[in-house]
1. Among Val326, Val254, which is the only one that is of a type outside the set (Gly, Ala, Ser) and either over 19 Å from Phe215 (Cβ atoms) or surrounded by 15 or more Cβ atoms within 10 Å (Cβ to Cβ) (or both)?
2. Looking at the range 152-165, can you tell me whether even one residue there is under 30 Å from Glu184 (Cα atoms), at pLDDT below 75 and part of a helix (DSSP H, G or I)?
3. Identify all residues within the range 315-367 that are among the basic types (Lys, Arg) and free of Cβ contacts under 8 Å to residues at least 40 places away in the same chain; write none if there are none.
4. Counting residues that are crowded, with 17+ Cβ neighbours inside 10 Å, over 60 Å from the mean Cα position of the chain (by Cα) and at pLDDT below 70, which strands (runs of 3 or more DSSP E) fully inside the range 47-111 reach at least 1?
5. Out of all the residues in the range 542-572, which are surrounded by fewer than 19 Cβ atoms within 10 Å (Cβ to Cβ) and assigned to a strand (DSSP E or B)?
6. Taking interchain pairs and intrachain pairs at least six residues apart, which have beta carbon atoms under 7 angstrom, with the first residue in the range 421-445 and closer than 21 Å to Cys350 by Cα and touching a residue at least 24 places away in the same chain (Cβ under 8 Å) and the second assigned to a helix (DSSP H, G or I) and among the aliphatic types (A, V, I, L, M)?
7. Collect the residues in the range 343-395 that are in a strand (DSSP E or B) and not basic (Lys, Arg), keeping them in residue-number order.
8. So, in the range 226-247, of the ones that are surrounded by fewer than 16 Cβ atoms within 10 Å (Cβ to Cβ) and within 50 Å of the chain's Cα centre (by Cα), which residue ends up farthest from Pro264 (Cα to Cα)?
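The values are calculated or read from the model by the stated rules, or taken from the named source; none is laboratory data. Quantities reported herein were computed from a predicted structural model and do not represent experimental measurements. Glycine also receives a Cβ, built like all others from the backbone with ideal geometry; neighbour counts cover every protein chain displayed.
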Amino acid sequence: MRATIEELQAEVARLQEANAALAAHMKLCERLQGVVTLEEIARTAITTIAEAMAAEGGGIMLTGRPAPDGDSTWEYGMPNETWSALPEKTRRGLLEMAMREEHPLASTDAGALLAGEGLPEAPSLENVLFAPMRSGSRCAGGAVLFNFLHPERLDYYAAKIPALVVPICHVISHVDLVESYLREARLLEAILENVNSHVAYLDSDFDFIRVNSAFVEGCGHSREELMGRNHFHFFPDPENQAIFEQVRDSGGRVEFREKPFEYPDQPERGVTYWDWILTPIKNEAGAVEGLVLSLTDMTEKVRARERIAAAERERAREARLLETIVENIDYHIAYLDRNLKFLQVNSSYCEGSDYPREGLIGREFSEVFPNALIEPFLGKARDVGENYRFREVATRYPRHPERGMTYWDCGIIPVKDQRGEVEGIVMSSVDVTEHVRTRERMLAAERERTRLAENLAVEVNHRTKNNLAMVAGLLQLQVGDEAEDRRAADIVRDAIARIRTFAAVHEQLYERHAKSVELLDAMRRIAEVDCEALSRGRVELLTEGEPVSYPPKIGLSICVAANELITNAIKHGSPGPNGRLHIKTSVSLRGSKLHLSVWNSGNPVPPHFDPSKRKKMGLRLIHDMTVGQYKGTFTVLPHEEGTLAQIIIDDERLRQDE
């Protein structure tokens, strides 16, 4: 009877515990209505446990993993000051123990427990109860209850806790799994919407079920137009449709690279190219229930590759053309690296240097051509990146002394990389030896011609001077001292003066090797000859100024004009107080003007004397030359009790007549 009563009491206790657990479960389920997040579930569970344990006091902490394969953990609870005061390492260790234990574990000696786990001491922690929350074979979390008011009842609560935490584990497990799926779905959605590939999901009849934004933008139709409509209604292509049917029927995945496609409703796009993958989606029975179509537009890549290939073909053509040109021009061209070693040379360079190509490639320039004049500039071009050009560089070939001195026009051009740094040197040269020698021969011939011409001119001037002197002498004899016709005698004397002027100029040209007429010296000679011929020494002559030279043609014209002025001065002047006629001649350059003047004493001309209106041939000749030919000025004025005749002509205009 006693045994039966004890059994009944035990059964009643078991039923009470079961009823309490059921009540707690029902209460928890009622509270979990509408709760969807782990945080809300944990807080609801903690509240439920706290109410069940209200009489015992203490603190409660829950921890768990958010996903079956997750590494991170969460923790929620109703910590009191005791829990907050625990070291961080101690708190973490206690939560990990809650998830590690297979069954509830209670300890009234928390200090010994912490020491056994190697955790920092926590004097405020007196007792502790660990209750694992398991979902099948997986540990979904655990509960830590501490500092019970009645530690002797820990074993009782160790047995009671599972009835409280099992429903929590059940709910957390399912919500955890749902959240995991939702996170994956959101992640896939974000990926799908942000990839460059055009992705569509079709049913087994190839009707659109789902498309991403890239597909909508690329196909030219709205999402609403596509949904529920057949793929090949928008993009008819028998070949592609056969591929879709094959994948659906066989269940095998297919993949294509850069498959061409033309939009029938968008012909302006031309041929487009696509990488596409068609993947079947199967149900639990293994039957294909849909297809995932992934398209990547490769059109620009294909066209870019075609452009690159065309550019490479063009570069190859240009390279062949350049190589042909370089190999067939007379210029000697070589390419050197930064160490001034030969990398490339053309045939002309090999022929000119008398080295075979293999005798140059890889060797330093200074090794092949020691002491070359341009060698220092190769290094400078490399170091500073500047071009250098040289004309007619004299070069001797030690291996071929019979060539003698040769001459070369050379260029040194640095070649720079994309960073602007010199990576090599192009050296070009052309043999101008024959050009130099031809020029030297021409210069020598020109010098010889000049020498012969000068000698001939000197001889001609010498003979002309002698002939003019002889003519003047004969005319002088013809006039005699007592000519009957004075007017005829004066005309002859004027002619003699002009002839002697020409003779004086030719005498100076003879002395100066026919190069130029120096006016100051020529005027002095002309004046002396005229005074001797026309006045028989009754003239006091003064010549002043500065040396001014002109070519023979211009100098002779000016000397003729000067002769006319001097002749007029002798004829129309009158002696001064000492009984002698005074004549002063002057020639000089003042700025850019030639000034030539003749002054005589006595018999001044009227104040408004105009030489252009005179009938005398000499004055007309001077006026025509000065004013008409050279746009200068010719004036005859009374000056210092005498007459001053002056010619002013622009020096540059005179020299233009050379």
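1. Details: Val254 fails: either over 19 Å from Phe215 (Cβ atoms) or surrounded by 15 or more Cβ atoms within 10 Å (Cβ to Cβ) (or both).
Being of a type outside the set (Gly, Ala, Ser) and either over 19 Å from Phe215 (Cβ atoms) or surrounded by 15 or more Cβ atoms within 10 Å (Cβ to Cβ) (or both) holds for just one of Val326, Val254, which is Val326.
2. Narrowing the range 152-165 to residues under 30 Å from Glu184 (Cα atoms): 165.
If we keep only those that are at pLDDT below 75 as well, we get 165.
Now narrow it down to the ones that are part of a helix (DSSP H, G or I): 165.
Checked the range 152-165: at least one residue is under 30 Å from Glu184 (Cα atoms), at pLDDT below 75 and part of a helix (DSSP H, G or I).
3. So the first thing to find is which residues in the range 315-367 are among the basic types (Lys, Arg), and the list is 315, 317, 320, 338, 341, 357, 363.
The answer is Arg315, Arg317, Arg320, Lys341, Arg357, Arg363.
4. Values: elements: 59-64, 74-78, 105-107.
Of the strands (runs of 3 or more DSSP E) lying wholly inside the range 47-111, those with at least 1 residues that are crowded, with 17+ Cβ neighbours inside 10 Å, over 60 Å from the mean Cα position of the chain (by Cα) and at pLDDT below 70 span 59-64, 74-78.
5. Listed by number, the residues that qualify are Leu542, Thr543, Glu544, Gly545, Ser549.
6. Pairs that qualify, where the first residue is closer than 21 Å to Cys350 by Cα and touching a residue at least 24 places away in the same chain (Cβ under 8 Å) and the partner is assigned to a helix (DSSP H, G or I) and among the aliphatic types (A, V, I, L, M), are Ile425/Leu378; Ile425/Ala381.
7. Pass one, the range 343-395, residues in a strand (DSSP E or B): 343-345, 364, 388-395.
Result: Leu343, Gln344, Val345, Glu364, Tyr388, Phe390, Glu392, Val393, Ala394, Thr395.
8. Here the residue is Glu239.
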